[in-house]
């Protein structure tokens, strides 16, 4: 979980290289949508930062939408 929180904070980084690396790790995590959704929900519930919680909410919606599109 700590590793996933690092990905989230890196996604919010102003540094392009840091953000790009986090985006690659997120794309890799999308290969397991159930595990990604669980990690995002957990981070949403336990994160103290508003920015991270907001990002989690957006990413949860995207994972859900991607899963629905690929299922149907």
| For the stretch 28-37, what are the residues that are more than 10 Å from the chain's Cα centre (by Cα) and surrounded by 13 or more Cβ atoms within 10 Å (Cβ to Cβ)? | 33
| remark: Filtering the stretch 10-27 down to residues that are more than 10 Å from the chain's Cα centre (by Cα) and buried (at least 17 other Cβ atoms within 10 Å of the Cβ) yields 10
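Since every read-out is calculated from the coordinates, none of them should be taken as a lab result. Keep in mind the model is a prediction, meaning the values are calculated, not measured. As a convention, Cβ positions derive from the backbone with ideal geometry for all residues, glycine included, and neighbour counts pool all protein chains shown.
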